[in-house]
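*Asks:* Here it is: the structure, laid out below.
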Amino acid sequence: MRRGLFGRVARLSLVLLCGACASRKEEAAPPPATQASAPTPEAAPMAVTLECEMSVAPRLRVGEPVELKFKLRNATSEPLSVLTWQTPLEGLFNKYLKVTRDGAEVSFSGPTMKRGDPGADAYVTLEPGAAKEATVEISLAYDFTQPGNYRIEFRNHLMDVAPKGAALPRPLPEHQSATLKCPVVETVLAAQ
């Protein structure tokens, strides 16, 4: 009985395998030349003038909260809408900071999120010269339990920046990223 069952399973597997190969050959056939689509260029980072400031207390004791203050200012003459994801304007979600202690990277242990397209409420509009500020307690997501010299830097990337008149929210493939240079900040944590 075992040989009969084994033989049937082997034959069934062979039939399925051959059928899968045949359907793959059909799928792999290139489309006719009349249906070839032109390659779509990748969206280049948008050239915008947004200014960033960060600050943290210069000296703290181990066990005290480490609060990072973040300020984003529109230095252009037009309103800009900025997606707040992966910035302190949204809170402490995902790894948008690089934190080091005495030169060694401190791992991120906060919440991470995978998302679909943003909603309109995920954007903040900055009028010319206007700024938006946020404070996040980064010690909730990074290990600040050891004394040492800490460096904190923003990873220099805004996911989507839209000029005045752009339809918002935009689906992920239509995002226009922008580079944002923030000065690195440092703090020293002393033992208690």
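*Asks:* Treat the count of other C-beta atoms within 10 Å as a stand-in for reagent exposure and order S109, S81 from fewest to most.
*Replies:* Values: S109 11, S81 21.
In increasing order of surrounding Cβ atoms, one gets S109, S81.
*Asks:* Could you work out how much longer the chain between R151 and E137 gets when fully extended? Use 0.36 nm per residue separation minus the Cα distance between them, nm to one decimal. Provide the component values of the computation, followed by the final result.
*Replies:* Values: separation 14, 0.36 × 14 = 5.04 nm, distance 1.49 nm.
The span from R151 to E137 would gain 3.5 nm if fully extended.
*Asks:* Sticking with this structure for a sec: Along the charge dipole of the stretch 53-186, pointing to its positive end and built from +1/-1 on Cβ of Lys, Arg, Asp and Glu, which listed residue (P163, V62, A130) has its Cα farthest out?
*Replies:* About the Cα centre, the residue reaching furthest to the positive side is V62.
*Asks:* Once you have a ≥ b ≥ c as the square roots of the Cα gyration tensor eigenvalues for the stretch 50-190, tell me rounded if a/c is under 1.5, and otherwise prolate or oblate according to whether a/b is larger than b/c. Provide the component values of the computation, followed by the final result.
*Replies:* Numbers: a/c = 2.62, a/b = 1.82, b/c = 1.44.
Because a/c hits 1.5 or more and a/b exceeds b/c, the stretch 50-190 counts as prolate.
Throughout, read-outs are computed from the coordinates displayed, never taken from laboratory work. Because the structure is a prediction, the values reported are computed rather than measured. No Cβ is skipped: glycine too gets one built from the backbone with ideal geometry, and neighbour counts run over all protein chains shown.
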